[in-house]
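Trainee: Provided herewith is a single structure, encoded as structure tokens, for subsequent inquiry.
The values are calculated or read from the model by the stated rules, or taken from the named source; none is laboratory data. Predicted, not measured: the structure shown is a model, and the values here were computed from it. Cβ coordinates were reconstructed from backbone atoms using ideal geometry, including for glycine residues, and neighbour counts include every protein chain displayed. All accessible areas refer to the heavy atoms of the entire protein, side chains included, with ligands and DNA or RNA removed. Shrake-Rupley method; radii C 1.70, N 1.55, O 1.52, S 1.80 Å.
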Amino acid sequence: MLVDEGDTIAAIATAAGVGGVGIVRLSGPRAIAIACATLGISEASLDRTIRVGWARDSQFRRVDQVLAFAMRAPASFTGEDVVELQGHGGSHNLGSLLACVVERGARIAEPGEFTRRAVANGKLDLLRAEALYAVIHAGSERALRLAQGNLEGTLGREVIRLEQRALGVLAEIEGAIDFPEDDLQTRTADWVGDELVALRAGCATLAEGFRHGRAVSAGITAALVGPVNVGKSSLLNALVGTERALVAAAPGTTRDWLEVSAVWDGIAVVLIDTAGERATDDPVEQRGIALGAERVATADVVIVVNDGEHPWDRGIRYGTRAVLVRSKVDRGTVAPDDDATAIATSALTGQGLDELRRKVLSIAGVAEREGSEHAIVTTARQQALAASARDAFDAAHALWRARRPSEVIAIELRHATQTLAQLRGIEVGDRVLDEVFARFCIGK
Ligand SMILES: Nc1nc2c(ncn2[C@@H]2O[C@H](COP(=O)(O)OP(=O)(O)OP(=O)(O)O)[C@@H](O)[C@H]2O)c(=O)[nH]1
Ligand SMILES: [Mg+2]
């Protein structure tokens, strides 16, 4: 995205569709001039007040009655002059209002461009911009709490703490470069070594928290698989508490895969029911089974169901994603082949369902304690940089132990601190910013 920050940008900032109120937001050097021309008022009259007036198009026809107020640079979200025109909701009305300011020289904003300007003007670091996205897209209470925590700076503070600690070690090592006659190795050997180990561990904790962070912020998917008639659809209904999937005594009831959303322990979960597996000549059923298998391939967790009447498939092809379930235990039959590790469940009595929910969350990487949501990375970008900082601290520590020259250790340490700074969004290239902000909606 090539952005000219001299432009004044505009967008509808509220959700599309019907609503009581909708907002057109402007940001840039001409925001106040354009808004005032739209309202037919002087620029000085939009200072520290809320004005009510008619927005008019370039032919001076009335478009909508709005409330308008300005936030002057740098005291605004973007750090530029910002004006909000609060009109009536509704896509057509807001589209007409937006056209009024575009006719007067505003450019329609790119996705995330307001936030990108806020980052460029030092109003927000990249971690908080990413958290802002997560707040808007939170699919559960816990996702929202995690995102709000990071927006407030939880993750940013932890990264800065690691960075400053690393800079302290670097200063010590660079001192040894400047004054090589000091015997650094004996004076601070323990301290430097301990610090490098702690820094490595801090970054490793961040990187490893990603599975949990991603599961909390993006939610998880779990698919039910197994032979026909073992009770997959019944389990799905029992797990979500509604009769969502058709259940019947005849094998082959479920033909298409289907998805149901639920929230377990504050985590957004999408459950997928699939067509039962069996050898069949029916091309429609074959296709249904194949489509289910495709969907299962990308699920975070695979619930392998068996009612004791089929040979056990232990889900080996699903690796660590698999959880084994023995269904219909209320019938009391025990098959000689039953798997002792399988969770015993009954859709009829509800037995084992809580245990199954807990197991699914834990396989998806959700840590049990809420407190584990302190300083959690939630995006692949953050995870990759935390892992790369961890590796750089690891390398620095290995060089240190091998008593390599301070200059060599300093290079590795500088690389680690730069990586942590990049995690916060310092000196990241346009390509990274393009990727982050492309996911945003227009108007944010
Ligand atoms: N006693 C008992 N019967 C069950 C239980 N769960 C399912 N059933 C019965 O088993 C039969 C098949 O259940 P479904 O849930 O349709 O099984 P499915 O695995 O989805 O079957 P397909 O969609 O055909 O692959 C139905 O007659 C259900 O009433 C259970 O927990 N206890
Ligand atoms: Mg079914």
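Trainee: Using alpha carbon centroids, what distance separates region 122-176 and region 36-105, in Å?
Mentor: 35 Å
Trainee: Based on the mean of other Cβ atoms within 10 Å per residue, sort peptides 220-229, 20-29, 41-50 so the most packed one is first.
Mentor: 220-229, 20-29, 41-50
Trainee: Counting heavy atoms of the protein chains only and a 1.4 Å probe, report the per residue accessible area for region 312-444 as a whole number of Å².
Mentor: Accessible area per residue: 52 Å².
Trainee: What is region 217-363 by shape, rounded, prolate or oblate, if you read a ≥ b ≥ c off the alpha carbon gyration tensor as root eigenvalues and call it rounded for a/c under 1.5, prolate for a/b larger than b/c, and oblate otherwise?
Mentor: The shape class here is rounded.
Trainee: Quick one: Karplus J couplings for region 115-130, per residue in order, coefficients 6.51, -1.76, 1.60, θ = phi - 60°, nearest Hz, x for Gly and Pro?
Mentor: 5, 4, 5, 4, 5, 4, 8, x, 7, 8, 8, 5, 4, 6, 5, 5
Trainee: Give the long-range amide H neighbours of VAL228: residues separated by 5 or more places, or on another chain, with amide H under 5 Å away, using H modelled in the peptide plane at 1.01 Å from N.
Mentor: GLU277
Trainee: While we're on this one: Take each of the peptides 209-217, 253-261, average the number of other beta-carbon atoms within 10 Å over its residues, and list them starting from the highest.
Mentor: Sorting 209-217, 253-261 by mean packing, highest first, produces 209-217, 253-261.
Trainee: Can I ask one more? Cut-off under 17 Å on the C-alpha distance; same-chain residues fewer than 8 positions from LYS444 excluded. Which lysines are left, in chain and number order?
Mentor: LYS123
Trainee: Once neighbouring chains are kept in place and the probe is 1.4 Å, which whole percent of the accessible area of the chain is contributed by carbon and sulfur?
Mentor: The computed percentage sits at 53.
Trainee: While we're on this one: Towards the positive end of the charge dipole of the chain, with charges on Cβ (+1 Lys, Arg; -1 Asp, Glu), say which of LEU356, ALA134, THR345 has the farthest Cα.
Mentor: About the Cα centre, the residue reaching furthest to the positive side is ALA134.
Trainee: Another question, if that's okay. Can you give the accessible area of ASP282, probe radius 1.4 Å, in Å² rounded to 10?
Mentor: That residue has around 50 Å² of solvent-accessible surface.
Trainee: Right, another one. Provide the per-residue ³J(HN,Hα) series for region 26-34, in order, calculated from phi with Karplus coefficients 6.51, -1.76, 1.60 and θ = phi - 60°, each as a whole number of Hz, with x at glycine and proline positions.
Mentor: Once rounded to whole Hz, the list reads 10, 9, x, x, 9, 4, 5, 4, 5.
Trainee: Could you tell me the center-to-center distance, by alpha carbons, between region 407-444 and region 307-376 in angstrom?
Mentor: Taking the Cα centre of region 307-376 as reference, the centre of region 407-444 is 40 Å away.
Trainee: What aspartates and glutamates does LYS328 reach when the alpha-carbon gap must be under 16 Å and sequence neighbours fewer than 8 apart in one chain are set aside?
Mentor: LYS328 reaches ASP307, GLU309, ASP337, ASP338, ASP339, ASP354, GLU355.
Trainee: List the aspartates and glutamates whose Cα lies under 15 Å from the Cα of LYS359, skipping any in the same chain that are fewer than 8 positions away.
Mentor: Counting by Cα, and skipping residues close in sequence, LYS359 has these aspartates and glutamates nearby: ASP265, ASP300, GLU368.
Trainee: Using alpha-carbon pairs under 8 Å, 6+ residues apart, how would you state the relative contact order of the chain in percent?
Mentor: 18 percent
Trainee: Let me ask you something else. Per residue of region 275-292, in order, report the coupling 6.51 cos²θ - 1.76 cosθ + 1.60 (Karplus, θ = phi - 60°) as ³J(HN,Hα) in whole Hz, putting x for Gly and Pro.
Mentor: After applying 6.51 cos²θ - 1.76 cosθ + 1.60, I find 5, x, 7, 6, 6, 8, 9, 6, x, 5, 5, 4, 5, x, 5, 5, 5, x Hz.
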